[in-house]
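Written below as structure tokens is the structure these notes are about.
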Amino acid sequence: MRALLASLVAGTLTAGIAGTATAAPGPAAPVASVAPVTPRSASPLAAPDTRDIKERLLSIPGMSLIEEKPVAGYRYFVLAYRQPVDHRHPSRGSFTQRLTVLHKDTSRPTVMYTSGYGVSTSASRAEPTRLVDGNQVSVEYRYFTPSRPRPADWSKLDIWQAASDQHRIYRALKKVYGQNWLATGGSKGGMTATYYARYYPHDMDGVVAYVAPNDVDNAEDSAYDRFFERVGTKECRDALAAVQREALIRREPLEKKYADQAKAEGWSFGTVGTLDKAYEAVVLDLVWGFWQYSGEADCADVPEARTVSDEELYTYVDEISGWSFYTDQGLDPYTPYYYQAGTQLGAPTLSLPHLKGLSRYGYQPPRNFVPREIPMRFDRRAIPDVDSWVRHHARHMLFVYGENDPWGAERFRVGQGSLDAYVMTAPGANHGANIDGLVPAERALATQRVLAWAGVDAGTRAAAPLARLDKAPAEEPRLRP
């Protein structure tokens, strides 16, 4: 069971994914009425603030500068903002949360981006930021290093507290950036943008959530099994399943390679428990990881399981799943993700009938990937509440999914009571799906609505890409949403 990964998603938010000619499995679901959007502007009575943007940002109480970096055509700041550990009791301690501001102009709209993990300190723009040619505020999710209280009270890591972090940042920066705001993110970041909208529905003028999983019933995961029964071609599915089986059949010689690599690299397995558990977790991730980040064109690279050498088999599994991931060193940066997966977000479980008699542990729960000294208790109310709100109260929201992305098997849906809200699927796309990969009619509609929510004239030319969002290992686990 891999963590929600936004790094590849983040990269493809700034570069289109080529769609195929196949039809998307689910039609776009626009709600009947489209609400007019009135661009926001500062009060006409207010005198313009002529101070330098750095001075304006640092005049915000609790805001401090980590560094300013040169970026052509922009001002780029890495900042720290003092947040309460518990927004219900602000006097009971605080911590410093990292964020970045990519400043273009206070007369432009602003996009609040989060991966749901750490924040990259290299300048980049998410797809909505490019579309509206605006400013971007990127926020590090609480409890990801270094934005973690000391000592850490893990009970304060929940989706409401994280949404409240965003709310306070928005309230502070709205005084500087007075035009319309959008929230966005991919994968866990898309979930984060959605949760923010649920708890603070009046902050943002629109939300663009990419490939956001929605595990309403953590005990019922048959949608994932159905997905893997039909994704791609039967030949590709069979070849991947055979590689998984062969890796478990050859467990003994391949675990020897794994042990040798662990010794050479200094890896340990205290959190997951044993090298054997880590080995099987990596192997079981293979099929999921393939479809999350690869595509049908990559099926030709799947090795012939019965004839491939041990070395080639070991290397292929490493390329898709990553042998380092379930080591203590691989898991440690993502403790906050696994904690949330095991307390609110939920996690998928597959039936894996093709591995019967070979798998010893099955899909392991998030509890196995969090140090035992951290207590965990699952809250079954949080995600159903958000799901109900989206179905009945979503306003100015766009959900984009990839046809071949496993995480889209359990997705957000809009329904009666929603207003100007949409779910669209990019044909042939994986976990990197974006607006640019939609079929032309949906791409045009999505682009038009994003511009309208941002209060931008539809004739405004989209800005060229600045840079891909970083895939730094400090941001997201390699194969998680």
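The values are calculated or read from the model by the stated rules, or taken from the named source; none is laboratory data. As the structure is a computational prediction, the values presented were derived from the model and not from experiment. Neighbour counts are summed over all protein chains in view; Cβ atoms, including those assigned to glycine, are modelled from backbone coordinates with ideal geometry. For accessibility, only protein heavy atoms count, side chains too; no ligands or nucleic acids. Shrake-Rupley method; radii C 1.70, N 1.55, O 1.52, S 1.80 Å.
Yes/no matrix, rows are residues, columns are (1) at pLDDT below 95; (2) closer than 29 Å to residue 434 by Cα:
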{"position": "246", "(1), (2)": "no, no"}
{"position": "270", "(1), (2)": "no, no"}
{"position": "273", "(1), (2)": "no, no"}
{"position": "286", "(1), (2)": "no, yes"}
{"position": "292", "(1), (2)": "no, yes"}
{"position": "295", "(1), (2)": "yes, yes"}
{"position": "314", "(1), (2)": "no, no"}
{"position": "331", "(1), (2)": "no, yes"}
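Given the conditions (1) more than 26 Å from residue 105 (Cβ to Cβ); (2) of a type in the set (Asp, Glu); (3) touching a Gly at 6+ places or on another chain (Cβ under 6 Å), and given that residue 442 satisfies all but one, which numbered condition is not satisfied?
(3)
Which condition breaks for residue 108 when tested against (1) open to solvent by 40 Å² or more (accessible area, probe 1.4 Å); (2) not in a loop (DSSP other than H, G, I, E, B)?
So residue 108 meets the others, but not (2).
Looking at residue 363, is it within 20 Å of residue 156 (Cβ to Cβ), in contact (Cβ under 8 Å) with a residue 60 or more places away in the chain and open to solvent by 10 Å² or more (accessible area, probe 1.4 Å)?
Judged against the criteria, residue 363 is not a match.
Check segment 41-58 and report whether any residue there is among the polar types (S, T, N, Q), open to solvent by less than 70 Å² (accessible area, probe 1.4 Å) and not in a loop (DSSP other than H, G, I, E, B).
no
For segment 186-233, name all the residues that are among the charged types (D, E, K, R) and open to solvent by 10 Å² or more (accessible area, probe 1.4 Å).
From segment 186-233, those among the charged types (D, E, K, R) are 188, 198, 203, 205, 215, 217, 220-221, 225-226, 229-230; that's our starting set.
Answer for segment 186-233, where residues must be among the charged types (D, E, K, R) and open to solvent by 10 Å² or more (accessible area, probe 1.4 Å): 198, 203, 205, 215, 217, 220, 221, 225, 226, 229, 230.
Any residue in segment 375-394 that's over 13 Å from residue 413 (Cβ atoms) and among the acidic types (Asp, Glu): show its pairings with residues that are in a helix (DSSP H, G or I) and open to solvent by less than 90 Å² (accessible area, probe 1.4 Å) at Cβ separation under 9 Å, as long as the two are six or more apart or on different chains.
379/343; 379/344; 385/198
Of all residues in segment 164-195, count the ones that are within 21 Å of residue 400 (Cα to Cα) and without any contact (Cβ under 8 Å) to a residue 60 or more places away in the chain.
0
Can you name every residue in segment 300-334 that is open to solvent by less than 10 Å² (accessible area, probe 1.4 Å), more than 12 Å from residue 246 (Cα to Cα) and not aromatic (Phe, Trp, Tyr)?
321, 322, 327, 331
Of the residues 391, 443, 413, which is under 19 Å from residue 215 (Cα atoms), open to solvent by 10 Å² or more (accessible area, probe 1.4 Å) and outside any loop (DSSP other than H, G, I, E, B)?
On inspection, the qualifying residue turns out to be 391.
Taking the condition at pLDDT 95 or above, buried (at least 20 other Cβ atoms within 10 Å of the Cβ), closer than 13 Å to residue 323 by Cα and in contact with a Phe, Trp or Tyr (Cβ under 6 Å, 6 or more places away or on another chain), does residue 281 pass?
So residue 281 fits the description; yes.
Of all the residues that make up segment 67-96, how many are under 27 Å from residue 133 (Cβ atoms) and either open to solvent by less than 10 Å² (accessible area, probe 1.4 Å) or in contact with a strand residue (DSSP E or B) (Cβ under 6 Å, 6 or more places away or on another chain) (or both)?
Going through segment 67-96 one residue at a time, the tally reaches 10.
Out of (1) touching a helix residue (DSSP H, G or I) at 6+ places or on another chain (Cβ under 7 Å); (2) part of a loop (DSSP other than H, G, I, E, B); (3) open to solvent by 10 Å² or more (accessible area, probe 1.4 Å), what's the single condition that is false for residue 432?
The number of the failed condition is (3).
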